1. Filter the stretch D:179-218 for residues that are within 14 Å of another protein chain (Cβ to nearest Cβ), aromatic (Phe, Trp, Tyr) and under 14 Å from D:Leu50 (Cβ atoms) and give the result.
2. Only one of A:Ala17, A:Ala40 is out of contact with any Cys (no Cβ under 6 Å at 6 or more places or on another chain), in contact (Cβ under 8 Å) with a residue 40 or more places away in the chain and either within 21 Å of A:Gln94 (Cβ to Cβ) or open to solvent by 30 Å² or more (accessible area, probe 1.4 Å) (or both). Can you tell me which?
3. Can you tell me which of (1) touching a residue at least 40 places away in the same chain (Cβ under 8 Å); (2) over 14 Å from D:Ala267 (Cα atoms); (3) surrounded by fewer than 24 Cβ atoms within 10 Å (Cβ to Cβ) is the one D:Ala165 doesn't meet?
4. Looking at the stretch C:148-158, can you tell me whether even one residue there is at the interface with another protein chain (Cβ under 8 Å from one of its Cβ atoms), touching a residue at least 12 places away in the same chain (Cβ under 8 Å), within 21 Å of the chain's Cα centre (by Cα) and closer than 19 Å to C:Pro299 by Cβ?
5. Name the residues in the stretch B:7-38 that are within 11 Å of chain C (Cβ to nearest Cβ) and basic (Lys, Arg), would you?
6. Name the single residue that is nearest to the chain's Cα centre (by Cα) among those in the stretch C:43-61 being closer than 17 Å to A:Ala83 by Cα and more than 7 Å from every other protein chain (Cβ to nearest Cβ).
7. Residues that are surrounded by fewer than 20 Cβ atoms within 10 Å (Cβ to Cβ) and of a type in the set (Asp, Glu): which strands (runs of 3 or more DSSP E) entirely in the stretch C:1-83 hold 1 or more of them?
Amino acid sequence: MVFMIPVVLKNLFGRCATRPYPQSPRQLFAGSRGQLINDAGKCILCGTCARSCPSQCLTVSRKEGLWQYEPFACVFCGVCVEACPAGSLSQLGQWRPAVRERERVVLKVEVKSEKSGVRSEA
Amino acid sequence: MTIEADRIDSVELCRAVAAFKAKGCRFVTITCVGADQRGAELLYHFDRELALSHLRLTVAGDEVPSICGIYSAAFLVENEIQDQFGLRFNGLVPDYRRTLFLAGEDSLPPFRRKSGPDQEE
Amino acid sequence: MAGTILPFGPQHPVLPEPLHLNLQIEDEIVVSATPAFGYVHRGLEKLADIRDFRQMIQVVERVCGICSMIHALTYCQGLEELMGIEPTPRARFLRVIWSELHRLHSHLLWLGLFADAMGFESLFMQLWKVRERIMDINEATAGNRVILSVNVIGGVRRDLDSGQTAWILSELAEVEKGFSAMSRTILHDYTVQKRTRGKGALSRSQAMELGCVGPMLRASGVSQDMRLLGYAAYGELEFAPVVEQDGDCYARCRVRFAELGQSIGLIRQAIAKLPAGDTSVPVKGRPPAGEVVARAEQPRGECLYYIKANGGKFLDRLRIRTPTFANIPALTVMLPGIELADVPVVLLSIDPCISCTER
Amino acid sequence: MQTTALALAVLGAALLLGGLLSGLDRRLTARLQSRQGPPFTQPFFDVIKLLAKERMVTNPWQAFSPLATLSAAACALLLFAWQGDLLVILFVHMAGGVFLVLGAMASPSPYSQIAGQRELWQMLCCETLLFVMAGALYLTTGSFRVSGAAALGEPLLYRLPLLFAAFLLALTVKMRKSPFDLAGCHHAHQELVRGVFTEYVGPHLGLLEIAHWLEVVLYLAICSLFWATGPWGMILLPLTAFLAVIVLDNVSARLTWRWMLGWGWGAAFVLSAVNLFWLKG
């Protein structure tokens, strides 16, 4: 019992290891695998990402020009980012915030064109 | 590339396993490689001083003798194979009767391959 | 009270994961214990039918969060053997570094849970506070705290630069200081000894007969450690398995505590010897064919992968024998005859990972 | 009329003090564990929330027992405030404990039943000790009355130091702290889940929580008798004891009831006996 006393007393007068989370979030380390984003301007709709994805959360439709992503099925492994030949996929240095409703990211991609738009559907 | 294993049948199984125990081997696990209506193939793995030895058992039908009487630790893996492949281990104690992971004996073993037209799905 | 049946779990505060035990007790002494499973079964082995052999790397990582890196490592080593690929020297050393970081955080997690099982809450918090530094290293070097996802067939996906290795070494010094401050409490505290000494003892022959693995086996006097197989770069590093003789909960605690220091030593050696070069070799050619058994030492003990491939994208059979699966039969021997208050302590002493067991 | 108002005031003060002590306990425990911990007023919010929840009982004893436990704790406190007989105070308080056990035993849950048995063992240890303490009070002051301690002229602690040490063990049991959080602990992280409280929900659990505050205040009040020469002693000694128990909780694992009966009670018994012989000799 006596062996633990210095440890707890040091804790009492030292800094806490915890922080009030939603009010003061921690900065992620550089290189953390956070939120997945697709730069529609670079995307060539080749579908390599969809084929490499272990959780099959990506669907690419060349005909309709759509890149679709289900963030709730994603396991943030980053395999698609490495597989992407066009370099359009990347992972942000922050996690997806908690949300109340399920989202699906549908990205309209026009290959060989500058125009693009993002739209989210519940 | 295949792993080296002695091929045996169900009659020789218990004697072969007992021989491993007599040599002071640690029972590692059983792998059911595949099972269908005609039969099943099981691999028994044993370890001695970091060296693995294997027994390859081929059974006809779905009845396999249990090795629980030799290595009691085998009960968990034999129950798992019962659940997954629909085999039956004779002399298994405790026998969960396919309730280890599944709902009971009438559930379909998910790993069992279909073969033959009368196999229900 | 004669013949009470205590339904212990699947939802019970001292259980980290859902396991159900039907405990028959008399006067708070356990008479018999029957385990029941199936609460977190996900059918990951079956997923090999619909996920190709590369995607399965990410799937096997999810067999168990706490030893995710070593699951993927075992799987990749199996496939590399099948495909005749030799990972680069740098990749082999990096794999050791991440494996040992995993062992460190898993053992610290276990020591915390173990302390919690005997009602030592502040020790639990303290050990998890130390563990946070390891999680930070994981996140900074691999991109995530628990599921590192660094392994690929032929090597690793990430590299460490000299700044990072220096930072890891300085963090590890802090971690070592952190758990050393607790060493006397864990190893010599009166109340801890009262709760762990002589509880759930397994003799050497019992442990062998029950097929125990890892720290369970080593605590019972068997010097067996899969790292001695020399996979990854373990063959080029110096270490000896930690062995204790008593085989009780206290001995298991001692083994795991000593392995914290051992892991730090291995990481230091690996960083000192880290060779230059690429982190992975390009994998070309046909998908694997044939069958192979791969083994590695996880924090909880020996993990065995049986892989059968037919030259196609999908594997014929993937079988994962996790360490907890091998240690569960020992529970049915250790639990009868102990006090109810010791059930959590003995249960935790095998470091149960039920997700692993059920896959 | 005036007595009723005074009684209500005493109970109100005890409630406030009990809740704040619980808040202090949680905050301090958190800091000892390097956590931030909840605000001091958190226990009040918790209890208000519990009281506002739906009433659910599996049998009438579960509704009645918390009320009986709470009333007994309140009565014992009032008797103390009126400088009553320590023996009577202990008996009334013990009746509350009996109802706590009854409530736990009334449920078919093995967790709560086993905890009920452990609670009985704890009562056997603690209450015996407290009766020995009452006897020692009589031997020192010639009266069982609480007021006797103040009339002594010097701190009772000088005469009964070993008995005070034994009393600290009883305080640990009563505050449900390690190493004696056997029949129910604060964070429900025990082999018996939350022991005697396991089968309670909502308002009934809230009442038991309040009863627990009052019991802790009562025990600290009894503790204050050991230094009843002035207000400072009466505040500082119980506060020190309270803090010591919290530190003890954080530096030890939970032991078993068999250990408590053997070593814990054995030590307390020897300490008390030595103290009594010394007092007489």
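The values are calculated or read from the model by the stated rules, or taken from the named source; none is laboratory data. Values in this document were obtained by computation on a predicted structure and should not be read as measured data. Neighbour counts run over all protein chains shown; Cβ positions are idealised from the backbone, glycine included. Protein only, heavy atoms only, side chains kept; ligands, DNA and RNA dropped before computing areas. Shrake-Rupley method; radii C 1.70, N 1.55, O 1.52, S 1.80 Å.
1. Of everything in the stretch D:179-218, just one residue is within 14 Å of another protein chain (Cβ to nearest Cβ), aromatic (Phe, Trp, Tyr) and under 14 Å from D:Leu50 (Cβ atoms), namely D:Phe197.
2. Values: A:Ala17 fails: in contact (Cβ under 8 Å) with a residue 40 or more places away in the chain.
A:Ala40 is the lone residue from the list that is out of contact with any Cys (no Cβ under 6 Å at 6 or more places or on another chain), in contact (Cβ under 8 Å) with a residue 40 or more places away in the chain and either within 21 Å of A:Gln94 (Cβ to Cβ) or open to solvent by 30 Å² or more (accessible area, probe 1.4 Å) (or both).
3. Of everything listed in (1) touching a residue at least 40 places away in the same chain (Cβ under 8 Å); (2) over 14 Å from D:Ala267 (Cα atoms); (3) surrounded by fewer than 24 Cβ atoms within 10 Å (Cβ to Cβ), D:Ala165 misses just condition (2).
4. yes
5. To start, the set of residues in the stretch B:7-38 that are within 11 Å of chain C (Cβ to nearest Cβ) comprises B:21, B:24-35.
Matches in the stretch B:7-38: B:Lys21, B:Arg26.
6. The extreme case among them is C:Ile57.
7. Working: elements: C:4-8, C:20-26, C:29-36.
Result: C:20-26.
A quick yes/no check of all residues on (1) open to solvent by less than 10 Å² (accessible area, probe 1.4 Å); (2) among the β-branched types (Val, Ile, Thr):
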{"position": "D:Val217", "(1), (2)": "no, yes"}
{"position": "D:Ile246", "(1), (2)": "yes, yes"}
{"position": "D:Leu255", "(1), (2)": "yes, no"}
{"position": "D:Trp259", "(1), (2)": "no, no"}
{"position": "D:Gly266", "(1), (2)": "no, no"}
